[in-house]
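The values are calculated or read from the model by the stated rules, or taken from the named source; none is laboratory data. What you see is a predicted model, and the numbers here were worked out from it, not measured in a lab. In this analysis, Cβ positions are derived from the backbone assuming ideal geometry, glycine residues included, and neighbour counts consider all displayed protein chains. The area values use the complete protein model at the heavy-atom level, side chains included, leaving out ligands, DNA and RNA. Shrake-Rupley method; radii C 1.70, N 1.55, O 1.52, S 1.80 Å.
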Amino acid sequence: MAAGVAAWLPFARAAAIGWMPVASAPMPPPPRDKRRGQDGLIILNVSGTRFQTWRNTLERYPDTLLGSTERDFFFHEETNEYFFDRDPDIFRHILNFYRTGKLHYPRHECISAYDEELAFFGIIPEIIGDCCYEEYKDRRRENVERIQDDEENDNNKDMVLPDMSFRETMWRAFENPHTSTMALVFYYVTGFFIAVSVMANVVETVPCGSGPNRAKEVSCGERYVLAFFCLDTACVMIFTVEYLLRLIAAPSRYKFVKSVMSIIDVVAIMPYYIGLVMTDNEDVSGAFVTLRVFRVFRIFKFSRHSAGLRILGYTLKSCASELGFLLFSLTMAIIIFATVMFYAEKGSSASKFTSIPAAFWYTIVTMTTLGYGDMVPKTIIGKVVGSVCSLSGVLVIALPVPVIVSNFSRIYHQSQRAEKRRAQKASKQTGQALVCKSNPTFETQHHHLLHCLEKTTNHEFVDEQTYETSCMEVSLAKPSMSRSSSLSSSPHGLSSCCTRRNKRKSFNVPNSYMADGRRSSIQELSTIQIRERPMSNSRSCLNAKFEETVHLNSEEQSYITAAVISMPTPPVTTPEGGDSASSPNFLQSNIVRVSAL
Amino acid sequence: IKCCISNIPCGIQNSVEDELELSAVRHRPEALEQLEAQTRFSRKELQILYRGFKNECPSGVVNEDTFKEIYSQFFPQGDASTYAHFLFDAFDTDHNGSDFVMGRSILLRGSVQEKLNWAFNLYDINKDGYITKEEMLDIIKSIYDMMGKCTYPMLKEETPRQHVEIFFQKMDKNRDGVVTIDEFIDCCQNDENIMKSMQLFENVI
């Protein structure tokens, strides 16, 4: 329980008034509360550090906490100063804002702590001065991304919902391969087949020595047609099955079909099917050969297996504007230099620069400093232009590249950090468990509140284990179902988990909290299993502690109320809105096995 | 919201606060003297209450989600969101998120009559002056939801319904299927257990 929530306790307790009129039992008395709470120059005492300033300084900004009457709430009469229980270091900056009118963001401070202080003192972050604003925005964005990352990881990872349907389990297995062995096997199998398929595509084109009937060399694909066909078929079948399974398991099929990965999947397997369908028509088969190029897209399926590839793709996507700029400026430069080059070389004989588009190739090769040498200027002007072209090429390309690189590096480091944080989370949680402190006063009040809720509903909190055991001991056999149905208004009286568990002919008498009209039906109970209320559950322990401070009666006593046993007659503890004095006893008492009537 | 109970007005936002927006939404309470005059709290108490609230909720604005979160921390075993929602509606009578008018000190310092009024207002979900069985069932179910699953004895499907039946048998004197405010207050005042319980949360500060 966060210690910070303690401040909300009075509210929660006050709102508990809403339970009173519907409570089935009288409320327990509350625990004893011994809480005591305390132009010129204004003294601001922030956690012991005293700041002083003129009243006018503060009132310059009347819509902040310090500048308005809101600060009166923090006035401490005994020492005649305003006391704030906040961070003095950050407060320094806030006070400086009043003095100088400019708010600064200290680089060494944590962004969330700073934001909280700003929110507390009612200062909006937009007024951070230009000198510090960029830094502030950057840090804030990083923080938000980190929180989102954490949330995503929390949500995605290891969320084993017991009620997940088969479809959801399958989808989870696809998305996070390390969640189960089956998923891991599937992951590796598909990876293997992708590699095999790509290798086959490559090897197909390697010359394999001359065939028996031919003079020239044939590629391996043409030599071992059947083998490659079988291999291709096998791979495509695996990919098809995988795609269909993903389609079935996807929570949102429409979104899945639109996603990039699924398009890659489809493009990877389409050529095969089209080839099957296509006849051996000459024109069409030419186009079909082109389609086989698309088989190389299978290599992109590896991006599901490799995080680095995904990061690269994501980087390119996020650097779209830089890439666009690069492309645009390159195009401009190419056109300019190609034109100049063409006209410069127009004069020379046997010039390779036959047209401006032909000069494009030269310009690109020169600007990227490749210099193949297939087209070379011969005139002097041509050579001058050529050298200018290569120099400017270096500049134009070098400019946007660092931006892309830094983007990639940032995203890559983020993913590294996410991995590290996940690894650290486990150790962090164990550490936190040790450090957990609790506020004793708050705890007693909180327990009293929970106790009131128990009284209102006439049920008690128990922990998981006790719940499970109580679940096990309750069951409804078919014959007793009809009898118990008169007890409960609906056939599925007890929770379904119990009906599945065992078939012993016994069930708990529901507490006295039954409608009046049902009294007579109690006589028809075959057996009533009553047992000791387990003392190990947390609520009872707390109630036990309670007893020292509060006088509650009959908490721990284990006795059998006569009311329960008197089966032939309606139970004495008829609930009248839970007002009867014996009903609390009944609730907490043990239940004893009573044989059949 | 604590402020509204203790009658320190604070802004209650019905809309979801966009975390990424840089402009923090704030709210300013009325002046201390004014509040002191209007409520039944002493100056010191107001100071303490407000300071505590301000520490938890620096921006001074509580929206329904914060509400639900706070409540879920108090009742971790169950699902407190429905009850928190009803509470939120009961407090936000003017539905415009602006200052809460005074009179919220009802819950802590008000007379029993005022407290019962407030409780009636809570139960009457559609604020039409009558509590129907459906409304009561919703409220009771939300209270039971707060208990969660692991209770002893086990919660059954029809437990809330039975509870509602009992309540109506007690409160609905003329058996017309609804409980009016007079029936409610009458019946509560005649019930000494309820009266005793109402006195319980006096000394909250």
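Averaged over the residues of peptide B:139-152, the number of Cβ atoms from other protein chains lying within 10 Å of each residue's Cβ is 6. Residues of region A:369-390 with amide nitrogen under 14 Å from the 7 Å Cα-to-Cβ point of A:Ala358? So the set is A:374-378.
The simple Förster model, with R0 at 45 Å and r as the Cβ-Cβ distance, assigns A:Ser47 and B:Glu134 a FRET efficiency of 0.30. Residues in region B:139-205 average 41 Å² of solvent-accessible surface per residue, probe 1.4 Å, ligands and nucleic acids excluded.
Looking at region A:48-118, the trypsin sites (Lys or Arg not before Pro) that sit in a DSSP loop and have at most 10 other Cβ atoms within 10 Å of their own Cβ are A:Arg107. For the pair A and B, the buried accessible area comes to roughly 7900 Å² in total, with a 1.4 Å probe and the value rounded to the nearest 100.
Two decimals is fine: what is log10 I(q)/I(0) at q = 0.14, 0.17, 0.24, 0.26 Å⁻¹ for region A:340-398, from a Debye sum with one equal scatterer on every Cα and no solvent? Debye intensities relative to I(0), on a log10 scale: -0.32, -0.48, -0.93, -1.07.
Only protein heavy atoms count here; under a 1.4 Å probe, A:Val462 has an accessible surface of about 0 Å².
Were the residues from A:Ile397 through A:Ile299 laid out at 0.36 nm apart, the gain over their Cα-Cα distance would be 32.5 nm.
Against the criterion of solvent-accessible heavy-atom surface with a 1.4 angstrom probe, B:Glu36, B:Glu157 sort, most first, into B:Glu157, B:Glu36.
Per-residue accessible area (protein heavy atoms, 1.4 Å probe) orders A:Tyr114, A:Tyr224, A:Tyr343 as A:Tyr343, A:Tyr224, A:Tyr114, starting from the largest.
Rolling a 1.4 Å probe over the protein heavy atoms leaves A:Lys346 with an accessible area of roughly 130 Å². With both labels modelled 7 Å from their Cα along Cα-to-Cβ, the A:Gln148 to B:Glu33 distance reads 4.9 nm. Cross-link check: pairs A:Lys317/A:Lys352; B:Lys44/B:Lys196; A:Lys137/A:Lys258; B:Lys133/B:Lys156; A:Lys455/B:Lys44; A:Lys102/A:Lys420 evaluated at a Cα-Cα cut-off of 30 Å; pairs beyond the cut-off: A:Lys317/A:Lys352; A:Lys137/A:Lys258; A:Lys455/B:Lys44; A:Lys102/A:Lys420. The candidates A:Cys208, A:Cys220, A:Cys230, arranged from most to least accessible area with a 1.4 Å probe in the full protein assembly, appear as A:Cys230, A:Cys208, A:Cys220. Here A:Phe461 sits with roughly 10 square angstrom of accessible surface, probe radius 1.4 Å.
Between A:Lys137 and A:Lys420, the modelled labels are 2.7 nm apart [label points 7 Å from Cα along Cα→Cβ].
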